1. Taking the stretch 112-136 on its own, how many of its residues are within 12 Å of the chain's Cα centre (by Cα) and without any contact (Cβ under 8 Å) to a residue 40 or more places away in the chain?
2. Quick test for you: out of 84, 57, pick the one residue that is under 17 Å from residue 152 (Cβ atoms), in contact (Cβ under 8 Å) with a residue 60 or more places away in the chain and surrounded by fewer than 14 Cβ atoms within 10 Å (Cβ to Cβ).
3. Could you please find all residues in the stretch 121-157 being among the small types (Gly, Ala, Ser) and within 21 Å of residue 109 (Cα to Cα)?
Amino acid sequence: MDRRRFIAAAVHGVALTPLAAALSACGNSGAWPQGMVEIKWDRDTCVRCSMVLSDRRFAAQMRGGEKNTVFKFDDIGCAVFWMRDKHKDYPWLADPATRFWVADVGGSGDKWLEARKAFYVGGKISPMGYNYGARAYAEAGAFDFGEMSSHVLAKAK
């Protein structure tokens, strides 16, 4: 390689490095569990209530079926009602193979739990007013997924 090509290559390499770094910062932060689709905060909307997903402590996501369909929710309560109301349209929602995540209420959208295995504590102020936050471990007064779902459905929103 002659000197002129070497310098041109070096200049272009240096010029592209900051651009490549900036573009990589826009991508996935790596905090998403395997199989989960990135949530675009303040842009994606809840499939049930159409509210923008903003509060990172209460979001949920389901993924499954033959087409690996993804549904995003702003509140675990919306996910519970969606499962009840859409089970005929999407019979795979009840399938144990369906992936179902919920944000850990103690995090900021960087900790995700398997929704059916999480424990739910009441008394939180969630986006749609179902007021349950997910935790990885049981604590005093916490409900499992089935108990929390029953309480949410009893609110009949």
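Each reported figure results from applying straightforward, stated rules to the coordinates on display, with no laboratory input. None of the values given here were measured: they were computed from a predicted structure. So basically every Cβ, Gly included, is an ideal-geometry build from the backbone, and we count neighbours across all protein chains shown.
1. Let us first name the residues in the stretch 112-136 that are within 12 Å of the chain's Cα centre (by Cα), namely 112-115.
Going one step further and asking which of them are without any contact (Cβ under 8 Å) to a residue 40 or more places away in the chain, we end up with 113-114.
Of the residues in that region, 2 qualify.
2. Working: 57 fails: surrounded by fewer than 14 Cβ atoms within 10 Å (Cβ to Cβ).
Of the residues listed, the single one that is under 17 Å from residue 152 (Cβ atoms), in contact (Cβ under 8 Å) with a residue 60 or more places away in the chain and surrounded by fewer than 14 Cβ atoms within 10 Å (Cβ to Cβ) is 84.
3. Applying the first criterion (among the small types (Gly, Ala, Ser)) to the stretch 121-157 yields 122-123, 126, 129, 133-134, 136, 138, 140-142, 146, 149-150, 154, 156.
Correct list: 122, 123, 126, 129, 133, 134, 136, 138, 142.
Residues checked against (1) among the aliphatic types (A, V, I, L, M); (2) surrounded by 18 or more Cβ atoms within 10 Å (Cβ to Cβ); (3) in contact with a helix residue (DSSP H, G or I) (Cβ under 9 Å, 6 or more places away or on another chain):
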{"site": "116", "(1), (2), (3)": "no, no, yes"}
{"site": "134", "(1), (2), (3)": "yes, yes, yes"}
{"site": "147", "(1), (2), (3)": "no, no, no"}
{"site": "154", "(1), (2), (3)": "yes, no, no"}
